[in-house]
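In what follows, a structure is listed as structure tokens, so that the remarks can point back to it.
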Amino acid sequence: MTHKSLALISDNESIISSVTKAVDRLEDHSLETLTGTLSSVNGHASQLLNNNDLLVFTLSEDVDMEIVSDLRRSAGPSATILALSDRDISLSDARALNKVGVDEILPFPIGSEELREQIQKLTVDKSLLPAIYNPQKQRLGQVISVCPARGGIGASTLTINLADQLQGYSGIFRKKTQNKVAIVDLDLQFGTVATALDLEPSSGLLRMAQQGVNPDRTFLQQSLVQHASGLEVLSAPEDFMPLDALTREQVTTLIETLRHDFDYVVIDLPRILVDWIGAVVTASDRMFMIGDSSVSSVRQSCRLIDFFTKERLAPPVEIVFSREAKPTFRSSHHVEAQKALGRELRHWLPCDARHAKQALDRGQLLSQSANNCALSKSIRMMGRKIMSETSGEAKDLKNNAA
Ligand SMILES: Nc1ncnc2c1ncn2[C@@H]1O[C@H](COP(=O)(O)OP(=O)(O)O)[C@@H](O)[C@H]1O
Ligand SMILES: [Mg+2]
């Protein structure tokens, strides 16, 4: 491992001490600390950013977006910036900070293990990751996780068929695909992806747990099972495995390795909270929280969002209501749900039990068994939105880099 240097700008003693401890525990990482705020050290910040692999700073009361955006501009897209916030900040502030160029924002206090992991992730050698940091070349794939707010709501149906649509079919017979897509079934005990696609289950995740493997490319290539549609699937194992048999580190490596080889990595999550879910929250570009407008489902979604917010300020959660067609007029309970969730009700999947069941029974994708049914159309729309937003972001990155 090559040496990594970090700079910290903070006037908060407990933050200084936590970061110092985290860096001390990382081999080959060094830290330079400057006491003050981003604005008080003014000119020095960009110098620190240019001379180090990672700049960490404490968000002060009145975050000055202009300073952050100047910093980013002077340092270019390859510099990495982490903000630690010791107060609650609003979702819109967090988004604005991301937009002007802060790579990650974490709440403080934060567990020492978690902080260390985040620092490690943010100081990964960028020359080894040509994709995202060099927009001229291929980007790293997007990670999309699907999280069910209640059982049997249609999470796996969404995972599988969204992954399929993200392949980006084109051509006269819609046989050509433009994206490589992987599905990972992390619903370790009750995963249904293999059955739903009529594939042999893989023992990859079980072997990862039993042998303590940190999966590399070769391991994954051997564990992925290819579906006739082109999708590559890492399914849940056939044999029982305890949910906590995987570690955060393994899950982080799994996702990071896959996103080098795939344009999209779609992850089906269990309905149970377990430590490594934190790694999925951290790595996700989008998290689809799938539920419905019932009080219990909305309440459960809120609890999950709260949990995710402890892992990552502003987790990229988008709400999906399943078995409800998008209403022309929102009723009062939709308005209530939206308020409670603090997010727009962005995606709607109509109730279509017949086609959903038929696809499952035949072990087929909706695009094979009922391409034009209402459910399939809605998932196709979601896929298109995501693909067009991805290419929009790619353009932004290119423009910023130019
Ligand atoms: N939009 C939908 N409308 C009606 N039934 C659905 C829909 N989506 C899924 N189903 C059915 O609900 C059941 C559970 O689906 P599944 O995707 O396995 O849910 P989960 O992964 O949330 O447990 C299946 O029988 C499936 O056919
Ligand atoms: Mg499921």
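Being touching a Ser or Thr at 6+ places or on another chain (Cβ under 9 Å), within 13 Å of ligand 1 (Cβ to nearest atom) and part of a loop (DSSP other than H, G, I, E, B), is that true of even one residue in region 132-152? There is at least one residue in region 132-152 that is touching a Ser or Thr at 6+ places or on another chain (Cβ under 9 Å), within 13 Å of ligand 1 (Cβ to nearest atom) and part of a loop (DSSP other than H, G, I, E, B).
The residues of region 61-76 that are in a loop (DSSP other than H, G, I, E, B) and surrounded by fewer than 17 Cβ atoms within 10 Å (Cβ to Cβ), listed by number, are Glu61, Asp62, Asp64, Gly76. Cys351 satisfies every condition listed in (1) assigned to a loop (DSSP other than H, G, I, E, B); (2) within 16 Å of ligand 1 (Cβ to nearest atom); (3) out of contact with any Lys or Arg (no Cβ under 8 Å at 6 or more places or on another chain) except (3). All conditions in (1) within 26 Å of the chain's Cα centre (by Cα); (2) assigned to a loop (DSSP other than H, G, I, E, B); (3) surrounded by fewer than 13 Cβ atoms within 10 Å (Cβ to Cβ) hold for Ser92, with the sole exception of (2).
Take the residues in region 207-232 that are aliphatic (A, V, I, L, M) and buried (at least 20 other Cβ atoms within 10 Å of the Cβ), then tell me which one is nearest to Leu366 (Cα to Cα). Checked region 207-232; the qualifying residue nearest to Leu366 (Cα to Cα) is Leu231.
Taking region 160-197 as the range and being within 12 Å of ligand 1 (Cβ to nearest atom), charged (D, E, K, R) and not in a loop (DSSP other than H, G, I, E, B) as the test, only Asp185 passes. Could you check region 74-108 and list, in sequence order, the residues that are β-branched (Val, Ile, Thr), without any contact (Cβ under 8 Å) to a residue 60 or more places away in the chain and within 17 Å of Ala7 (Cα to Cα)? Residues satisfying the conditions are Thr80, Ile81, Val102.
Cβ-Cβ distances below 7 Å connect the following pairs, each with a first residue in region 232-250 that is within 18 Å of Arg271 (Cβ to Cβ), a second residue that is aliphatic (A, V, I, L, M) and assigned to a loop (DSSP other than H, G, I, E, B), and a separation of six or more residues or different chains: Ser235/Leu199; Ala236/Leu188; Met241/Leu188; Leu243/Leu188; Leu243/Ile272; Leu243/Val274; Asp244/Val274.
Determine which single condition Ala356 fails, assuming it passes every other condition in (1) part of a loop (DSSP other than H, G, I, E, B); (2) within 16 Å of ligand 1 (Cβ to nearest atom). The single condition Ala356 does not satisfy is (1).
Considering region 1-60 alone, what residues qualify as being charged (D, E, K, R) and surrounded by 20 or more Cβ atoms within 10 Å (Cβ to Cβ)?
Across region 1-60, the qualifying residues are Lys4, Asp53.
Considering Leu82, Leu48, which residue is at pLDDT 85 or above, among the hydrophobic types (A, V, I, L, M, F, W, C) and not in a strand (DSSP E or B)?
Leu48
Checked against the criterion of being in a helix (DSSP H, G or I) and buried (at least 18 other Cβ atoms within 10 Å of the Cβ), the candidates Ile305, Ile267, Ile290 yield just one match: Ile305.
The values are calculated or read from the model by the stated rules, or taken from the named source; none is laboratory data. Note that the structure is predicted; figures quoted are calculated from it, not measured. So basically every Cβ, Gly included, is an ideal-geometry build from the backbone, and we count neighbours across all protein chains shown.
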